[in-house]
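Shown next, in structure tokens, is the structure this report addresses.
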Amino acid sequence: MPLPQVVAVAEHSPAERGGVLAGDELRSINGQVPRDVIEYQLLADEPIVDLEVVRGGIELEVTVQKQAGEPLGLEISAAIFDRVRTCDNHCEFCFIYQLPKGMRRSLYLKDDDYRLSFLYGNFTTLTRFTEADLERVVDENLSPLYVSIHATDPEVRSRMLRNRRGAMSLRWLRALLDNGIEVHGQVVVCPGLNDAAVLYGTLAGVLDRFPELSTLAVVPLGVSRYSKEAAMRPHTTDEARATLETVHEWQGLFRRALGRRVVWASDEYYLLAGMQFPEASAYEGFAQHENGIGMVRAFEESFATDPAEAGEPSAEGAALPARSGFFAWVEGAPAEGYRAPRTTAVKLGPRRASPKHLPVTILTAPYGEAVLAPLLKANGFGEVRILAVENEFFGGNIAVAGLMTGPDIARALGGDPAPARYLLPDVCLSKGRFLDGSSLGELPVEVEVVPSDGASLRKVLEETR
Ligand code: SF4
């Protein structure tokens, strides 16, 4: 395995004082070889940290002295230093099987690693979870974790995961809850497979077997035009409505039994069904915001805040609490997934500039348009134009802003006759690149990137008046 590498050393940090350099490879800390940034963090908490590093092929020892618990001041190249545990399932609905060829290699990685669940909020099915993993999760209090439930009926679950271990692996969920680990769950609903009566039974199963589960997200299957699974299809409007009815009924049952709603349907369901979103307070803190639960209400709340209070760029709504868990205290881990830094710099495209005095046009996906258009009108921004970007890159029923790609945005800009000051939500960028790998600089027109929370958008709109 390649050794983890120091990517950056913070100025005036203990590591800089001790002589650690960017580019150093980390072999051990206090005589131990950390398997991941979680172990790295625990080892680096000591007041005296002996690092064994490899610099230019030469092994060196570096001693760093600091306060106990003080960060070393290093950024490391990877979160997992040994092998990421890949999943041994073959779900019909897996979005990774539905990706076009030629994307970044990391996007094709089917991980099922509880460490990535803890670090980045990735969902794990627990089919590869072991007794040793449980011991570590409990010992190091790796909480919260995120578990894909899909169905509590063992036969349906193993069929959905195409893995016989899927039938029994929810026993680990029981064990995690027994040990006080906070767990959030999700159900990806595939019409004809785990919707309707199966979904009803799953929610009953959660109440019966896993009442300590913190939250459960019910999200619809996404189908791209590359799907080869004939049975996988988008929901009809009636199916979306029926799913919402089931979720709403169970919210009432959970509230009566446990005093909290536990289960929520993703925003996409309300858009599909043409139904009103629940009030913001009904989301009880937006714990699964990143999973598309309550994003619209959180955005509206954030949009209504005083623009002067709009904070620094964030992938989350300004009204949301900071993400809890590991990233409240870890240092060193590279930004991945939800943590990937967004780009706020204005980049010049190669051909047409888009000066600030021009009228504003917001680039977003069809679902974003459906939400933003009435919101802008109701808040006195009816003059702001929205340019909906159809998703031809993935195709199928993909209509969310987070999956917009460079070629689709370029096509929409190229076909837009009116010169405009274009605003683009940062949610479709990771480290300045779109999912297809292209960058802002490859767009035909200058585009201004705005953080995806409502307060930041409002601030920009107010400034243009
Ligand atoms: S568990 Fe997740 S990554 Fe693995 S096949 Fe199923 S959907 Fe894909």
For this session: Could you list all residues from segment 139-163 that are away from the ligand (no atom under 16 Å from the Cβ) and either touching a His at 6+ places or on another chain (Cβ under 7 Å) or open to solvent by less than 10 Å² (accessible area, probe 1.4 Å) (or both)?
Result: L142, P144
Exercise. Counting only residues that are out of contact with any helix residue (DSSP H, G or I) (no Cβ under 7 Å at 6 or more places or on another chain) and open to solvent by 70 Å² or more (accessible area, probe 1.4 Å), which one in segment 88-115 is farthest from T127 (Cα to Cα)?
Worked result: G102
Seminar exercise, completed: Taking segment 134-158 and keeping residues in contact (Cβ under 8 Å) with a residue 24 or more places away in the chain and in a helix (DSSP H, G or I) leaves L134, V137, V138, V156
Exercise. Taking segment 38-48 on its own, how many of its residues are under 28 Å from D113 (Cα atoms) and β-branched (V, I, T)?
Worked result: 1
Problem set entry | Sole residue being touching a strand residue (DSSP E or B) at 6+ places or on another chain (Cβ under 6 Å) and touching a residue at least 24 places away in the same chain (Cβ under 8 Å), chosen from G185, G201 | G185
Problem set entry | Verdict on A197 being out of contact with any helix residue (DSSP H, G or I) (no Cβ under 7 Å at 6 or more places or on another chain) and open to solvent by 50 Å² or more (accessible area, probe 1.4 Å) | yes
For this session: For residues that are away from the ligand (no atom under 15 Å from the Cβ), surrounded by 16 or more Cβ atoms within 10 Å (Cβ to Cβ) and modelled with pLDDT of 95 or more, tally how many sit in segment 119-135.
Result: 2
Exercise. Inside segment 409-439, can you point out the residues that are under 16 Å from E390 (Cα atoms) and of a type in the set (F, W, Y)?
Worked result: F434
For this session: Name the residue, out of D408, D416, that is among the acidic types (D, E), surrounded by 18 or more Cβ atoms within 10 Å (Cβ to Cβ) and not in a strand (DSSP E or B).
Result: D408
For this session: State whether one or more residues within segment 208-221 are more than 18 Å from D88 (Cβ to Cβ), within 13 Å of the ligand (Cβ to nearest atom) and aliphatic (A, V, I, L, M).
Result: yes
Exercise. If we scan segment 37-58, do we find a residue that is small (G, A, S), out of contact with any helix residue (DSSP H, G or I) (no Cβ under 6 Å at 6 or more places or on another chain) and surrounded by 15 or more Cβ atoms within 10 Å (Cβ to Cβ)?
Worked result: yes
Seminar exercise, completed: Per the filter on segment 181-194, residues part of a loop (DSSP other than H, G, I, E, B), away from the ligand (no atom under 14 Å from the Cβ) and open to solvent by less than 60 Å² (accessible area, probe 1.4 Å) are I181, P191
Seminar exercise, completed: (1) within 16 Å of the ligand (Cβ to nearest atom); (2) in a helix (DSSP H, G or I) all hold for A197 apart from (1)
Problem set entry | Which numbered condition R256 misses (of (1) under 25 Å from the mean Cα position of the chain (by Cα); (2) over 17 Å from Q288 (Cα atoms)) | (1)
Seminar exercise, completed: Here the qualifying pairs (Cβ atoms under 9 Å; residues six or more apart or on different chains; first in segment 360-387 and free of Cβ contacts under 8 Å to residues at least 40 places away in the same chain; second of a type in the set (S, T, Y)) come out as L372/T364; R385/T361; I386/T361; I386/T364; L387/T361; L387/T364; L387/Y422
Seminar exercise, completed: When S169 is run through (1) under 23 Å from A265 (Cα atoms); (2) open to solvent by less than 10 Å² (accessible area, probe 1.4 Å), the failure sits at (1)
Problem set entry | Subset of segment 203-219 (residues that are under 16 Å from the mean Cα position of the chain (by Cα), buried (at least 21 other Cβ atoms within 10 Å of the Cβ) and over 19 Å from S143 (Cα atoms)) | V218
For this session: Of the numbered conditions (1) surrounded by fewer than 20 Cβ atoms within 10 Å (Cβ to Cβ); (2) more than 20 Å from the chain's Cα centre (by Cα), G285 fails exactly one; give the number of that condition.
Result: (2)
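The values are calculated or read from the model by the stated rules, or taken from the named source; none is laboratory data. On a predicted model such as this, the values are computed, not experimentally measured, just so you know. Reconstructed Cβ throughout: ideal geometry from the backbone, glycine too, with neighbour counts over all protein chains shown. With ligands, DNA and RNA removed, areas are computed over all heavy atoms of the protein, side chains included. Shrake-Rupley method; radii C 1.70, N 1.55, O 1.52, S 1.80 Å.
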